[in-house]
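In what follows, a single structure is set out as C-alpha cells and then discussed.
The values are calculated or read from the model by the stated rules, or taken from the named source; none is laboratory data. Just so we're clear, the structure is a prediction, and the values are computed from it rather than from any experiment. When we count neighbours, we look across all protein chains shown, and the Cβ atoms used for this are built from the backbone with ideal geometry, even at glycine.
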Amino acid sequence: MLGVTIGMTQPVRAEDRNPAPGGSVGSTVKDDLRRARRARASGQWAEAHAAYKAAFEAIDATWDTEREAAEIGGELGLCELALRKYRDAAEHLAWSLERRKALSPAQQKRFGKGLADAVKRVATLYLSVDPPDAEVLIDGTPIGRPRRTYRLFFEPGMHMVRALARGRGEAFQSLDARAGAETKMTLQLPRAAESSAGEDAPAGLAKTAVTEPQAATTSARAPAASASWPGTLRIGGAALATAALATGTVLLLRADVIDGNLAERDVARRRRGWTSTTCWWPDASSTCAEIRKEVAGRDRLATLGNVALATGAVFGIATAASFLAEGWLLGGTPAREGVRVAPSTTGTQAGLVVQGVW
C-alpha cells in the first residue's frame with residue numbers, strides 16, 4: 001500500500017504545546033484578549049477568532065495561569081465552531097476541557113456543549129501506538145510529541161495514519177472518517193528483524209495495524225506484471241481529477257469563509273446605522289472600497305472553484321469511461337487487480353491514496 005498526500009496546510013495539535021514560563025509579551029496577550037472579548041460581544045466571530053488565536057499561540061511565551069490558558073483555548077474553540085471550523089473547534093475545546101479544574105462551572109458547561117456539537121460533524125479516532133515513542137503522521141504530516149494514546153479529530157473523508165520508529169518497521173492504516181463516528185485503531189510496529197524477514201519471504205504476512213472490529217494485514221506477494229499504458233493513463237486521470245476537485249473544494253470553502261465574514265460584518269455595521277445605500281454616496285468611507293474588494297475576491301474564488309470542479313468532473317468521467325471502453329477497444333477485460341486510486345480530501349488537505357500489488 002502506498003499513501004500519496006498533498007498538504008494544503010499543516011495542522012496544529014493544541015495538546016502538543018509545551019508551555020514555558022515567561023512574561024515578555026504578556027501585555028500583548030492581554031491586548032489580544034480585550035480585543036477578542038469585544039469582538040465576541042458584538043458577534044464579530046472572525047475578528048474574535050483572530051484575536052483568540054493570536055493569544056493562544058502566545059501561551060508558550062506567557063502562560064500566566066492555567067485558568068487563563070484553559071479559557072483562551074475554550075473561547076477559541078467556540079469561535080471556530082461559529083465559523084464552521086469543526087475539526088479545529090473540537091481540538092481546542094477538548095484541550096481546554098482537559099484542564100477543566102481550572103475552568104468555572106459555567107465555562108465547563110459552555111465548552112462541553114460546544115465540544116458535543118463539534119464532534120457530531122467530525123470523526124473521532126482513538127489511536128494506540130506501540131512502541132509509544134513512535135512518530136505518528138496523518139496524511140503525511142507529523143502530529144506532535146510521541147505518546148502511547150491519542151484522541152484525534154478528522155474532517156470526513158479518506159485519511160492515512162502512519163507510524164515510524166527507529167529500529168522498527170513502519171505501520172500504516174487508511175481511515176474512512178465519517179461525521180459523528182468514533183473509531184479505535186492500534187498501530188503496532190514490527191521489530192526491524194521481523195520487518196526484514198517479512199520482506200524476504202514473499203508468502204509471509206506482516207501485521208501493520210489493527211482496527212475494530214476487524215484486523216488489517218498486508219500480504220507480500222510476488223511482483224505483478226508492469227501496468228499497461230491504459231492503466232498508467234487511468235492513474236494520471238485519477239490524479240488530475242482528484243487534484244482539480246480538491247482545488248475546487250478549497251477555493252469554494254475559502255469563498256464561503258469570506259462570504260460568512262462579510263455577512264457578520266454587515267450585521268455589525270447595520271447595528272451602527274448603516275443601510276444598503278450607505279456606500280452609494282460620493283463621500284462614502286474607505287470601508288466601502290474594502291467591502292467591494294472582498295466581494296470581488298469572493299466572487300473570483302467561487303468562479304475558479306466551480307471551474308476546477310467542472311474540470312475534475314470531466315477527468316473523472318473520462319477515467320471511469322475508459323474501463324467500459326477497454327473491452328471492445330483493446331479486446332480484453334478490465335483488470336480486477338492491480339492499482340486502485342482513492343481520493344483523499346478534507347477541509348485542510350487533499351491527495352490520493354494509491355493501493356495495489358507490485
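At-a-glance table
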quantity	calculated
Residues (over 26 Å from ALA82 (Cα atoms) and among the aliphatic types (A, V, I, L, M)) located in segment 110-152	LEU127, VAL129, ALA134, VAL136, LEU137
Residue satisfying condition, being surrounded by 13 or more Cβ atoms within 10 Å (Cβ to Cβ), modelled with pLDDT under 85 and not assigned by TED's automatic domain parsing to the domain that holds PHE315, within set SER174, SER195	SER195
All positions within segment 99-142 that are buried (at least 17 other Cβ atoms within 10 Å of the Cβ) and either within 19 Å of ARG168 (Cα to Cα) or among the acidic types (Asp, Glu) (or both)	LEU127, VAL129, ALA134, VAL136, LEU137, ILE138, ASP139
Subset of segment 1-42 that is in contact with a Gly (Cβ under 8 Å, 6 or more places away or on another chain) and among the acidic types (Asp, Glu) - its residue that is modelled with the highest pLDDT	ASP16
Residue within segment 148-164 that is in contact with a Gly (Cβ under 9 Å, 6 or more places away or on another chain), under 17 Å from GLY77 (Cα atoms) and either modelled with pLDDT under 95 or not β-branched (Val, Ile, Thr) (or both) present	yes
Filter result for ARG38 (closer than 30 Å to ARG270 by Cβ and either over 18 Å from the mean Cα position of the chain (by Cα) or assigned to a loop (DSSP other than H, G, I, E, B) (or both))	yes
Scope segment 43-64; condition modelled with pLDDT under 75 and surrounded by fewer than 16 Cβ atoms within 10 Å (Cβ to Cβ); matching residues	ASP60, ASP64
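Residues checked against (1) at pLDDT 75 or above; (2) assigned to a helix (DSSP H, G or I); (3) more than 26 Å from THR311 (Cβ to Cβ); (4) touching a Gly at 6+ places or on another chain (Cβ under 6 Å):
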| position | (1), (2), (3), (4) |
| --- | --- |
| ALA225 | no, no, yes, no |
| PRO230 | no, yes, no, no |
| LEU240 | yes, yes, no, no |
| THR249 | yes, yes, no, no |
| ARG265 | yes, yes, yes, no |
| THR287 | no, yes, yes, no |
